[in-house]
Amino acid sequence: MNLAPLDRKSVKVRAVSTVEDDEQDLTRKQRREQAREQRKALEEAEAASAQRRKRLIQLGAVVAAVAVIIVVILVATGGGSKGGIEKTATTGGTSTTPKVVTEVSSLLDGIPQGGTTLGSPNAPVTMQYFADLECPICRQFSEGALKPLIEKYVRPGKLRIEYRNLETATREPETFRTQQVAAMAAGEQQKSWYYIELFYHQQGQEGTGYVTESYLQELAKQVPGLNLTKWSSDRNNPKFTNTITTDAQAANNAGFTGTPSFLLGKTGQQMTKLEYSSLSDPSSYESAINSLLK
Amino acid sequence: MSPRTLRITLIVLSVIGIALAGYLTYVHYSGATPICSSSGNPCSQVQKSAYSKLAGVPVALIGLIGYVVILGSLLVREDERTRFATAALTLGGFGFSAYLTSREAFTLHKYCEWCLGSAGLITIMTGLALWRYLHGDPGRFEDARRTDLGQTEAAAPLGT
């Protein structure tokens, strides 16, 4: 048998999918799906961080706006406590009176004083003002309601105000004694209220121990017309220490624990506790005083 | 915290704030002595100071209105805008509280425990409101994902 060799023609035959090919297709599909999902996740992550950024920016704007408003309020309401004695400005050899001295002088000049009392001894109404020279709340009163009360009632002779001692802010009893006596000693020259008001207007930072001998001396130098030698000598008078004790007792009897605290009444008669509603607005004091003047 | 818990917590805190500021507003207008645990009643001294008013309006009243508006922003339908509103309002309240507290610390040297309480409250509320705003609405990012087997599975929401 002779078999002629067959024509060797190459024939392309489409490959029939094998199981392996099927598996390959699936992987490709999976990979495409995966890629799509990765893209989607990436878009979402970008969207999320873009949104986070947007929110942070908006919050940042709010924070900035709030900060600006607060600064405006701070400045508008007065910036806070300025500490210490106002220095005398010296220009070209002549020293200018510190502004605070001018202010206190214009408040008190011409009003009779005796001891720690401000006002005419014949005033029909008396107010006892319990205070601590270092107390910042008393300073609020001094810079607030006190001035209109002096103008409206003390100067015209309707009211006299007696300054009395009650320790609150000054936590050192010896410092308290020294500073209050310094003010009372000025009263021997009818100038205690100058000393008191100059002190309140130039208080330092509470709790920093700013009331030193030097501080007290500086204040004394500012009091117009105060004889410093006599003042120094008067500071040693033991009666003032007794006054502090008496005042503390009186405050205790009235149930006062804070400053400022006030007793009000017709001069020479029973004094009652004055309830005030503001340290800057004089109306609550005025209505009480007016009812006693009737 | 879940969004719902956050919202309810903020609502409860706002109501406490309203009660606190309401009490101080009452004290201001009636002239009553505030309840105070410290001797010398520094609460009263702070309440009577010049800083207890801003442009003639009692700061307690400003606080009361603030807390009421914050509560309002929490009671309306929750969305991106109202969450922002709550965050912005609490930030404002925080700033105002910080100013008042600084006055107590540096000018008056006296503290009113009610005011400090409100300051603490608004601080907590601000923290919560900011968190709530920044972490948005989890529902937005809920996503359907196809698994190998073609099943749909919800992806874990962002921010929880």
For this session: Quick one: in segment B:106-120, of everything that is in contact with a Pro (Cβ under 8 Å, 6 or more places away or on another chain) and crowded, with 20+ Cβ neighbours inside 10 Å, which residue is farthest from the other protein chains (Cβ to nearest Cβ)?
Result: B:TRP114
Exercise. For segment A:124-148, what are the residues that are under 18 Å from the mean Cα position of the chain (by Cα) and in a loop (DSSP other than H, G, I, E, B)?
Worked result: A:ASP132, A:LEU133, A:GLU134, A:CYS135, A:GLY144, A:ALA145
Exercise. Among the residues of segment A:156-198, which ones are in a loop (DSSP other than H, G, I, E, B), modelled with pLDDT of 95 or more and either over 23 Å from A:VAL101 (Cα atoms) or aromatic (Phe, Trp, Tyr) (or both)?
Worked result: A:GLY157, A:LYS158, A:LEU166
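Table: residues versus (1) closer than 20 Å to A:GLU197 by Cα; (2) within 14 Å of chain B (Cβ to nearest Cβ).
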{"site": "A:VAL223", "(1), (2)": "yes, no"}
{"site": "A:PRO260", "(1), (2)": "yes, yes"}
{"site": "A:THR267", "(1), (2)": "no, no"}
{"site": "A:SER277", "(1), (2)": "no, yes"}
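Is it fair to say B:SER2 is among the polar types (S, T, N, Q) and over 17 Å from B:HIS135 (Cα atoms)?
Working: among the polar types (S, T, N, Q): yes; over 17 Å from B:HIS135 (Cα atoms): no.
When the stated conditions are applied, B:SER2 does not pass them.
Mind listing whichever residues of segment A:169-190 are among the β-branched types (Val, Ile, Thr) and touching a Phe, Trp or Tyr at 6+ places or on another chain (Cβ under 9 Å)? Steps first, please.
In the first step, residues of segment A:169-190 are kept if they are among the β-branched types (Val, Ile, Thr); the result is A:170, A:175, A:178, A:181.
A:THR170, A:VAL181 - these are the residues of segment A:169-190 that are among the β-branched types (Val, Ile, Thr) and touching a Phe, Trp or Tyr at 6+ places or on another chain (Cβ under 9 Å).
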Seminar exercise, completed: Of the residues in segment B:72-101 that are at the interface with chain A (Cβ under 8 Å from one of its Cβ atoms) and more than 26 Å from B:PRO3 (Cβ to Cβ), the one that is surrounded by the fewest Cβ atoms within 10 Å (Cβ to Cβ) is B:ALA98
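For every residue, the table says whether it meets (1) facing chain B (nearest Cβ under 10 Å); (2) within 30 Å of B:ALA129 (Cβ to Cβ); (3) aromatic (Phe, Trp, Tyr).
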residue	(1), (2), (3)
A:GLN24	no, no, no
A:GLU33	yes, no, no
A:ARG36	yes, no, no
A:ARG39	no, no, no
A:GLU44	yes, yes, no
A:ALA47	yes, yes, no
A:ARG52	yes, yes, no
A:ALA64	no, yes, no
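Tally time: how many residues in segment B:45-54 are touching a Gly at 6+ places or on another chain (Cβ under 8 Å) and either within 11 Å of B:ARG103 (Cβ to Cβ) or more than 7 Å from every other protein chain (Cβ to nearest Cβ) (or both)?
First, the residues of segment B:45-54 that are touching a Gly at 6+ places or on another chain (Cβ under 8 Å): B:45, B:50.
Those left that are additionally either within 11 Å of B:ARG103 (Cβ to Cβ) or more than 7 Å from every other protein chain (Cβ to nearest Cβ) (or both): B:50.
Adding up the residues that qualify gives 1.
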Seminar exercise, completed: The correct count of residues that are in a helix (DSSP H, G or I) and not acidic (Asp, Glu) in segment A:199-222 is 11
Exercise. Can you tell me which of B:GLY66, B:GLY17, B:GLY22 is within 14 Å of chain A (Cβ to nearest Cβ), touching a residue at least 40 places away in the same chain (Cβ under 8 Å) and farther than 30 Å from A:LEU146 by Cβ?
Worked result: B:GLY66
For this session: Quickly run through segment A:271-290 and pick out the residues that are farther than 16 Å from B:LYS48 by Cα, in contact with a Ser or Thr (Cβ under 8 Å, 6 or more places away or on another chain) and free of Cβ contacts under 8 Å to residues at least 12 places away in the same chain.
Result: none
For this session: Just need a number here: residues in segment A:112-123 that are crowded, with 16+ Cβ neighbours inside 10 Å and either in a loop (DSSP other than H, G, I, E, B) or at pLDDT below 95 (or both).
Result: 4
Exercise. Quick check: is even one residue across segment B:57-65 within 22 Å of A:LEU74 (Cα to Cα), surrounded by fewer than 16 Cβ atoms within 10 Å (Cβ to Cβ) and either modelled with pLDDT under 95 or in contact with a strand residue (DSSP E or B) (Cβ under 7 Å, 6 or more places away or on another chain) (or both)?
Worked result: yes
For this session: Take segment B:71-91 and flag every residue that is more than 16 Å from A:ALA61 (Cβ to Cβ), among the aliphatic types (A, V, I, L, M) and in contact (Cβ under 8 Å) with a residue 12 or more places away in the chain.
Result: B:LEU71, B:LEU74, B:LEU75
Exercise. Mind checking which residues of segment B:17-54 are among the β-branched types (Val, Ile, Thr) and surrounded by 15 or more Cβ atoms within 10 Å (Cβ to Cβ)?
Worked result: B:ILE18, B:THR25, B:VAL27, B:VAL46
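The values are calculated or read from the model by the stated rules, or taken from the named source; none is laboratory data. Fair warning: this is a prediction, and the values are worked out from it, not measured in the lab. Note that each Cβ is placed from the backbone with ideal geometry, even for glycine, and that neighbours are counted across all protein chains shown.
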